[in-house]
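Below is one structure, written out as structure tokens; the observations come after it.
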Amino acid sequence: MSIIDLTSMGEPQTDMKDEINKRLLTLKDEFSEYCYQCGKCTSGCEAHKLLELEPHKIIALLKRGLIDELVNSDIIWTCMSCFKCRERCPQKIAPVEVLFALKNMVVASGKQIPGNYSMYLQMVLSKGLLQDEKEISTRDNKTLKRADLGLPEISKPVDMAKFMGMLSKLAMEKV
Amino acid sequence: MTNKIGVFVCHCGINISQTVDVKALTTYAKGLKDVVVSEAYKYMCSDSGANLIKESIRKHKLDSVVIACCSPRMHEHTFRNVVESGGVNAFNLEIANIREQCSWVHNDKEKATEKAKALVRGAVAKARFLEPLEPSKVNVTPEALVIGGGIAGIQTALEIADKGYKVHLVEKTPSIGGRMAQLDKTFPTLDCSGCILTPKMSEVANHPNIDLLTYAEVKEVEGSIGNFTVTVTKKARYVDLDTCTGCGDCVQACRLKGRISSEFDEHMGKRSAIYMPFPQAVPLKCTIDVSTCLMLTKGKCGAGPLCVEACEPGAIDFDQKDEDIALNVGAIVAATGFDLIDEDIVYEYGYSRSKDVITSLEMERLINSSGPTGGEILLPSTNEKPKSITYLLCIGSRDENACSWCCRIGCMSALKQLYLLREKLPDVELNLCYMDIRSYGKKYEEFYRTVRGINSNVFRGRPSEVRKNGEKLVVDVFDTTTGKLFEISSDMVVLVPAIVPRDDAGDVARMLRISQSNDGFFLEAHPKLRPMDTATGGIFLSGSCQGPKDIQDTVAQASGAASRVVTILSNDTLEVEPLIACVDEDLCSGCGTCISVCPYQAIDLMKMDDGKSSAKVNEALCMGCGACAASCPSGAMQQKGFKDTQMIPIIDEMI
Amino acid sequence: MKKFVFYPGCVMQTEQYALDLSLREILPKFDVELVDVQGFSCCGEPLKSVNQMLSVSLAARNIALAEREGLDMFVPCPMCHLAMSECKRILDSDEEMKQRVNTFLKDDALTYTGKATLVSILDMFHEVIGLEKMKKKVTQPLDSLKVASHYGCHLIRPSEIGRPDDAENPQKMEQILSTIGAKPEDYPEKLDCCGALLNANLPETALTKTGQKLQKIEEYGFNALVDVCPWCHRQFDARQKKAGETVAAKLNVPVVYLTQLIGLSIGISEERLGLNLNLSPVEALQNGGN
């Protein structure tokens, strides 16, 4: 590669770029190379105003192969998954899906994941669900359980051992 | 002298009425001497406005009409037809321009209204002295001249010829084909340029109505619409066209074979001193380059010219001379094409410092399979295949220091080349620096999308310079999409250069008496409504000589120009405006001043019966420029419609 | 009677009981029978950031469970519905991916075939039951209740995956609300996000997003905000007070599930619709509502 980023001296990672493009293809999402940087995604980005996420710039850096810069930045974790960028992209590109791919790469590389994502994963692995059944408060401050309302038992994996086995294998998989 | 005048004031929507008090002006005009009717209307140029004028003419038995409206350049023709159909001679009409010369240039309504009154007062003063005039008729020569044998000239010539008129097609190089013949494939369809052009070239060569004059230049143009006399210089080729078979044996034999830089190959390849520019040349005949041939420059070629030896039919003739021929035509089309910017104007991009910095037109010759490398992409410096190629768009274009305009084909031609290069060199690194991609034509945007998908690196930014760093060419570009500065090292840099008028465009414009816009391209009569016309009657424009165009637009304009020419040639006679010079023989002293100033040789000195001499105007030749009237010391020479007796009352009234 | 496997998802069955309760109350009234199936897990969507292969496989596993019952699947939570729709889109058009996923499902003795249809909460009312049928059941129309709808991002986007309503001008919820007598009105922020997905790592910002939208709804003078998504509802309803703090406002927007309003209009008691579980000031509704 004869292109050097003089601003941050970052090296392009062409193989990682290719991996992301392959993932997008498998998940039936558009190839990001078609992006022509109109900025419509950032103009309507729900996370931009509050957290300065710039989806068009994510795609620009991806096109350039500067994946390290992306996966090392917390900015990729600011997406609200509102899907407006994907819905409205004039080239059918899905910045939101690129962000999912990048976050997956961070997780796969063993880097620390921000917030509660590890907890979500642990919960699903061990219980099959995001959270345990909760006791809730009513508006007049009474505490109620699901059964108190006459609701049936929650549905969750029956054979937890089997379920966990399957998930542990899956957790090592890539798209 | 007339005495019943009607004044008609136009609001022009609000163009006039917002600055000029139309009601006050109309009332004012009614009070002027000889004015019998004064009316205002929202759009005088509309059908209802025209009917208002016609009815007033009939009702008030008007002798002359004054219309206060926009510039006569806009609607004088319209209004002449209106008054004529109302029953007044078309030249008993005077226009008071209260839009361009009043409402549009003033803000103060009160003062503007006063000025409008003065303009109308002046127009009425002239109207009192207007005389009916009858247009004269001239015969039309049913032949056309097309200058330039590129795709524009070819298309125009073929379409005129197909309509049954004789066309003289003059091309200054040895073959027709022009820029399009140099190209490999064309965007966005990737048609092979040669495959779609060559049939048209042969059609030109074989068309019974086309007189093809290659290696020839137009030297002089006289006359006017319907009757131009043109002098064409046929340059000596030193080869007899009738005898030469185009076998090319002489080209192979030439002592300077492979030593003369080829213009057709954009100097990427070599030719002989006797040559055919390219294998599909039309006519397929040889030409000897007078500036390099040893016989013609030094008077001897070794023991004897090898070309003569090789030429079996004996077509070579070192005694040939340039020859002038005269043509008579009714209309002329300029299809003289374009040049590329002089790369020294954009010296920072390193064209003159490295052989491996080339233009996109040079790249066309490298890509083309009949080009100097047989279609292989090789570095000019080493003849090796490049591993990386960087394109820089807008070289000199959109640049106030060079060419302020967009070249209109650069983006698409570069995208096309990227596509072709990716096919030819699957592993080459392709980079492109752009500001905007202008892919405006039918299927162009779609092509741009395709190219985005072929693995290239695009940077949105304009590099500042190209540096040579050892073997590599280094370009720094600030990419505004990532907000980063990138350094691109590549083996080859391709500049996509600005498109400029031909360097002799000024001379051609003067010869044809047409104008150039401030960019130097030929000026059309109206950018939207008369894009193929010039302000000079009978002279039309085709292709990039009017401004940069791609092939699609060029062909469209070329067909349009042909249709404009046929509109003239299909008439046996043409009406000519009677606003020409006339002589008061009683006053003329026969001094001949007028003869010396007339640019059209339209005045002769005639002996009168009483023995004295007087100027006489040839009405067919006079263009009504007014030079004679202005220079006449005795006032004998007058211009119809602008006589002293008509103009002086205007001044008297207005001051 | 139409029968569907009822897929509850995580948030509804572990916390958002009002949605669970109201669905189970009203659907039988419209001749829809819900079949509870044991063994479901998370739909996979919340883990998309962690591992998309895991997400797709979880969704496929849940669909496979429903397919085993030989019934179509009712997926009321918009997020779950999106996860499964996307999974279907990928697996139904890519044999290789389908086989890959099925190798994992084999461990759980399950196979994804793609034969079950997914029914979203909007489709359930708008298509399966239909407005005509709904209208006939309305006994207490919610006259004069000016309501704002919130579809939730996942219910309408991305349209490429196939969503139950138009991405830019969804109107099915408005049509349902009009059918039960309410007065829905569009507002500029209608398509905006509630912020819920940021809860995993940026809960404060998530609340700001929620607060900003609620503030606008209050400003426009709506009597209530109507939603269908348990994630959005948790933001707008349970966390309304906190959301107000992030935008320095004391918010008082009644937030109700569409199903609760439908229930009221056909004469079901507030208690059976879990209206006491809404933490936003829904008592204000009663004045406008009946």
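What follows draws every value from the coordinates through simple rules; no lab data is involved. On a predicted model such as this, the values are computed, not experimentally measured, just so you know. Positions of Cβ are backbone-derived with ideal geometry, glycine not excepted, and every protein chain shown enters the neighbour counts.
Using the structure shown, select from A:LYS63/B:LYS549; A:LYS40/C:LYS190; B:LYS163/B:LYS185; B:LYS385/B:LYS472 the pairs with a Cα to Cα distance greater than 23 angstrom.
The pairs that break the limit, which is 23 Å between Cα atoms, are A:LYS63/B:LYS549; B:LYS163/B:LYS185.
Could you tell me which of rounded, prolate or oblate describes the range A:61-128, using a ≥ b ≥ c as the square roots of the eigenvalues of the alpha-carbon gyration tensor, with rounded for a/c under 1.5 and, failing that, prolate when a/b is larger than b/c and oblate otherwise?
It comes out oblate by the Cα gyration axes.
Kirkwood hydrodynamic radius, computed over distinct alpha-carbon pairs, for the protein assembly as shown: how many Å, to one decimal? The partial results should precede the final answer.
Details: mean 1/r = 0.0270 Å⁻¹.
For the protein assembly as shown, the Kirkwood estimate is 37.0 Å.
Apply the Karplus parameterisation 6.51 cos²θ - 1.76 cosθ + 1.60, with θ equal to phi minus 60°, to every residue of the range B:324-341 and state each ³J(HN,Hα) to the nearest whole Hz, in sequence, with x for glycine and proline.
9, 10, 10, 10, 10, 9, x, 8, 10, 10, 8, 9, 8, x, 9, 10, 9, 4
Over the alpha carbons of chain A, what is the largest minus smallest coordinate on each principal axis, giving the biggest first in Å?
On the principal axes, chain A reaches 66, 39, 29 Å in Cα extent.
Antiparallel DSSP bridges in chain B: what percent, to the nearest 5?
50 percent
To test your reading of the geometry: what angle, between 0 and 90 degrees and rounded to tens, separates the Cα axis of helix A:55-64 from the longest principal axis of chain A?
So the helix axis and the longest Cα principal axis differ by about 50 degrees.
Can you give me the angle between helix C:95-106 and the longest principal axis of chain C, using Cα atoms only, in degrees from 0 to 90, rounded to the nearest 10?
90 degrees
Using helices alone, I'd like the mean residue ellipticity at 222 nm for chain B: each DSSP H run of four-plus residues gives -39500 (n - 2.57), total over residue count, nearest 500.
Details: 18 runs with 183 residues, N = 655.
So the calculated ellipticity at 222 nm is -8000 deg cm²/dmol.
Quick check on my link table: of B:LYS166/B:LYS219; C:LYS29/C:LYS115; A:LYS145/C:LYS29; C:LYS3/C:LYS98, which ones sit more than 22 Å apart, alpha carbon to alpha carbon?
Long pairs (Cα-Cα over 22 Å): C:LYS29/C:LYS115; A:LYS145/C:LYS29; C:LYS3/C:LYS98.
³J(HN,Hα) across the range B:344-355 via Karplus (A = 6.51, B = -1.76, C = 1.60, θ = phi - 60°), whole Hz, x for Gly/Pro?
Once rounded to whole Hz, the list reads 5, 5, 10, 4, 4, 8, x, 4, 8, 9, 9, 5.
Taking amide H positions as placed 1.01 Å from N in the peptide plane, with prolines and chain starts having none, which residues 5 or more places from B:ASP211, or on another chain, fall under 5 Å of its amide H?
B:VAL167, B:HIS168, B:LEU169
Kindly provide the helix-only [θ] at 222 nm of chain C, computed as the sum of -39,500 (n - 2.57) over DSSP H runs of four or more divided by all residues, to the nearest 500 deg cm²/dmol?
Details: 13 runs with 122 residues, N = 290.
About -12000 deg cm²/dmol.
Rounded to the nearest 0.05, what FRET efficiency is calculated for C:GLN38 and C:GLU219 with R0 set to 51 Å and r the Cβ-Cβ distance? Before the final figure, lay out each step's value.
On the way: r = 46 Å, r/R0 = 0.90.
After rounding to 0.05, the efficiency reads 0.65.
Over 20 Å between C-alpha atoms is what I'm after, so list which of B:LYS23/B:LYS117; B:LYS42/B:LYS126; A:LYS103/C:LYS48 land there.
On the way: B:LYS23/B:LYS117 11 Å; B:LYS42/B:LYS126 25 Å; A:LYS103/C:LYS48 9 Å.
Result: B:LYS42/B:LYS126 exceed 20 Å.
Hey, any idea what the orientation-averaged projected area of the convex hull of the range C:9-167's Cα atoms comes to, in nm²?
Values: hull surface 42.3 nm².
Result: 10.6 nm².
What residues of the range B:36-53 lie in the reach of a label at B:GLU100, counting those whose backbone N is under 17 Å from a point 7 Å from the Cα along Cα→Cβ?
Those under the cut-off are B:45.
With 10 angstrom as the radius, rank B:TYR41, A:TYR34 by how many other C-beta atoms surround their C-beta, starting from the fewest.
A:TYR34, B:TYR41
By DSSP, what percent of the beta bridges with both residues in the protein assembly as shown are antiparallel, rounded to the nearest 5?
Taking every DSSP beta bridge within the protein assembly as shown, about 45 percent pair in antiparallel fashion.
Across every pair of different alpha-carbon atoms, what Kirkwood hydrodynamic radius in Å does the range B:580-639 reach?
After inverting the pairwise mean of 1/r, the radius is 11.1 Å.
Just the Cα atoms of the range B:62-177, one point each, no solvent: what log10 I(q)/I(0) does Debye give at q = 0.15 Å⁻¹?
Each listed q corresponds, in turn, to -0.74.
Taking θ = phi - 60°, what integer Hz values does the Karplus form 6.51 cos²θ - 1.76 cosθ + 1.60 yield along the range C:264-275, in sequence order, with x for Gly and Pro?
In residue order, the calculated couplings are 4, 5, 9, x, 8, 6, 4, 4, 5, 9, x, 5 Hz.
Would you list the membrane-span-like helices of chain B, meaning whole DSSP H runs whose alpha-carbon atoms span at least 24 Å along their axis and whose mean Kyte-Doolittle value is at least -0.5?
B:109-127, B:551-569
How big, in percent, is the set of alpha carbon pairs in the range B:174-247 lying more than 22 Å apart?
45 percent
What is the helix-to-structure angle for C:78-93, meaning the angle in degrees between its Cα long axis and the longest Cα principal axis of chain C, kept from 0 to 90 and rounded to the nearest 10?
The helix C:78-93 is inclined about 30 degrees to chain C.
If the convex hull of the alpha-carbon atoms of chain B is projected onto planes in all directions, what is the mean projected area in square nanometres?
Mean projected area of the Cα convex hull: 37.4 nm².
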